[in-house]
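The values are calculated or read from the model by the stated rules, or taken from the named source; none is laboratory data. Being a predicted model, the structure only gives us computed values, none of them experimental. Note: ideal-geometry Cβ built from the backbone for every residue, glycine included; neighbour counts use all protein chains shown. Accessible surface areas use protein heavy atoms only, side chains included; no ligands, DNA or RNA. Shrake-Rupley method; radii C 1.70, N 1.55, O 1.52, S 1.80 Å.
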Amino acid sequence: MLLRVIVLALSVWGEDPLCKLQGNLDLPLLSKTGDFILGGIFTLHNNFICQFLFLNYILPNVSLGYKIYDACGTISLAIKAAMALISGAGEAQSSTLPCSQKSSIHAIIGQSGSSTTIGIATLVGQFNIPVISHFATCACLSNRKEFPTFFRTIPSDYYQSRALAQLVKHFGWTWVGTIRSDNDYGNSGMATFVEVAQKEGICIEYSEVIYRTNPREKFLKTVDVIKMASSKTIVAFAIFIDLEFLMKELLLQDVTGLQWVGSESLVSAKNVATKENYRIFKGAIGSENLQQVNNLYTDVSDLRTTYNVYKAVYAVAHALHDLLACQDNQVPCMTNPKDILPLQKVNFSVNNGDYVNFDINGDPPARYELVNWQLSVNGIIEFVTIGFYDALMPEGKQFIMNNKSIMWATSDGKIPKSVCSESCRPGTRKATQKGKPVCCFDCLPCAEGEISNSTDAVHCMTCPLEYRANEEKDQCILKDIEFLSHDEIMGMILIILALLGALITSMVTVVFFKFRDTPIVKANNSELSFLLLFSLTLCFLCSLTFIGEPTQWSCMLRHTAFGITFVLCISCVLGKTIVVLMAFRATMPGSNIMKCFGPTQQRLSVLTFTLIQTLICIIWLVNYPPFPKKNVNSNKEIIILECEMGSTVAFYIVLGYIGLLSVMCFVLAFLARKLPDNFNEAKFITFSMLVFCTVWITFIPSYISSPGKYTVAVEVFAILASSFGLLLCIFVPKCYIILLKPDKNSKKHLMGKMQTKSVCNSTCLF
């Protein structure tokens, strides 16, 4: 047979006189008998009428009755109504029925307020009677331990609070004020919002609590807090009855231009959406339950709440159907059809395609429509849809927004700013101000070599070693590679000087070769002179290996070639010095001292000294060969491409050996400096070695302190300067006599005022 399912829809204008008259809750406001009794506890006096819709539902030989009570919006009356439903007050009592019999009520639909619903659910849960609320959104009601039989057809504030927090973050409002009702709805909803907001980086400047029974001074204090605050966005988790008192004070003091973000009880409340209130709530944004729209009742906004009651009654009917129409393979199937209803298993679709089901906590799916208060051309306040929020979607895809359709609270129509500090641009980082929330910060530029490439960066990132920060410090760019190049001016100058030195040395060699039979060339030991000129040419040319991009071969060649050629050069100078010194110290007649250091011995000495350096270089190259290296530590702005020594000890042994020979040569030349003026080879050698030693002594600190490519330039300059010193001091005076004073290029002039024994000994030099 047809079962009439009564759906309560509420709403008349004005206070219901029945609320005042119903002082005795022993009798329900409305009732009807049936096989199954459905209880209802509603707030009928707040602009409600009772309306009945009769829907067909197929159940075999079963009728559905109901008992409806008006709780008048108070917790005490709601609990009394629940107790009346449980105890069966108003029913004809039989003396034969035991007091322990089960209640005739199988489910209770209601209440709209969270606090009143908590009272009802706490009481009736002990009797395993389901409570299905159509408008109680407190997240606390999802606690299955405290409310094991509670269900609802409106999403929990847990999701709404999270949606509001993400909505605030979406528009960049990191500095907000909050207002909440001092009840379970406001306190629980705002607690969840604050928890999520803090995780999203949103700071709360102030948090005000309101309630309809508060004295006016309390509301005036809240208004003063709002006026003094620097935040331009207010998040409200309050019911409209409480907000009415606050709105009156805001209107009196003309507190406008603030961006309000509200929960569904504020944003979708038609009785709040007046033209007068629009001055305050212009552009307000909030989460209306998406399951309330696009359905039978969307043409009358006041009936959207009624739609939740509609779904609650349908859920009970489907649960009854599951109990009564058990088939062979269907579960659950209970022997007593009046046991607890299996609402947890309910899953059905109503006429408009809206699905109704409950999760493990008794909550429906959380889907919201984002609405915006806008004033139409007709002067009517409209709730314009600006987006959607679906908690079931993956993170990052829960919001679908249409920012272009939003009307903002600001006078210029732009998105309002509500921040404690302006965002830090890329290239800077946030530094929290002492004693203030994390949203209040200073923007500090990134340190040298660090960048931040996002707005409001907390930390700056260090660039990789081969990269550096650009001027804006918002990205890492590849460092310039620096080495002593052929193309730069300094490199060109050094190349020219090296080639010029080699050219001059070659010209001197040609002059000495052409005049090789003249006394001045023969007197200066022509064989050692030519070998010295050859080694000087190599010294000039080896400096070229230091210029250009370092490679494996150039790094191995430059220091070893330099070390060997300079030892060859100094060995020749040392040999000439020893020859001069021995020639003029052999004063006794018939002395054979020159036979002890003749041409053969001179060649062997040069060869021995050079071979020692060659052996040192070979050991160096075999064990610790120099190699090209990118130096990223010496300079943060550039990469210095240089030759790593491989072994610093080996490098200093090479230099030390050159220095030892130079000191020996200098000392011997100094001892021979007082020989006769007309033939004072030792004086020129002494001066040349003084220049040589000075150059290399000053080279060491300059080499250590010079940065980058200038280190190489200093070394090249030292090679060229010492080479030019030897060339000019030893050979230029001789070339001057050969080319410009040929009359002095004779034995007579060279012997001059020397005594006979000295002349005889000096002839060993020719």
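Some points to look at:
- Across every direction, the projection of the convex hull enclosing the Cα atoms of the range 139-285 has a mean area of 9.1 nm².
- Electrostatic bookkeeping for R429 treats Lys and Arg as +1 and Asp and Glu as -1; over the other residues with beta carbon under 15 Å from its beta carbon, the sum is -4.
- Surface composition of the range 595-634: carbon and sulfur atoms hold 69% of the protein heavy-atom accessible area at a 1.4 Å probe.
- Accessible-area order (highest first, 1.4 angstrom probe) of the listed residues Y206, Y736: Y736, Y206
- The residues H459, H321, H170, H106, sorted by heavy-atom accessible surface at 1.4 Å with ligands and nucleic acids left out, run H459, H170, H321, H106 from largest to smallest.
- Each 5 Å bin, from zero up to the one with the longest distance, holds this percent of the alpha carbon pairs of the range 410-514: 2, 11, 11, 10, 8, 8, 8, 6, 5, 5, 5, 5, 4, 3, 3, 2, 2, 1, 1, 0, 0.
- When M228, M689, M556 are compared by accessible area of protein heavy atoms, the largest-first order is M228, M556, M689, using a 1.4 Å probe.
- Accessible surface for L668 stands near 40 Å², nearest 10, in the context of the full protein assembly shown (1.4 Å probe).
- Taking 32 Å as the limit for the C-alpha separation, the pairs K434/K630; K397/K417; K67/K282; K199/K417 exceed it in the case of K434/K630; K67/K282.
- Phi-derived couplings, Karplus 6.51 cos²θ - 1.76 cosθ + 1.60 at θ = phi - 60°, listed residue by residue for the range 647-664: 9, 5, 4, 4, 4, 6, 5, 4, 5, x, 5, 4, x, 4, 5, 5, 5, 4 Hz, with x used for Gly and Pro.
- Cα-based Rg of the range 459-567 normalised by 2.2 N^0.38 Å, two decimals: 1.72
- Rounded to the nearest 10 Å², the accessible area of D182 at probe 1.4 Å: 80 Å²
- The string of couplings for the range 466-476 from the Karplus curve (6.51, -1.76, 1.60, θ = phi - 60°) is 8, 10, 9, 7, 6, 4, 7, 6, 10, 7, 8 Hz, one whole number per residue in order, with x for Gly and Pro.
- For the range 397-460 versus the range 501-571, the gap between their alpha-carbon centres in whole angstrom: 69 Å
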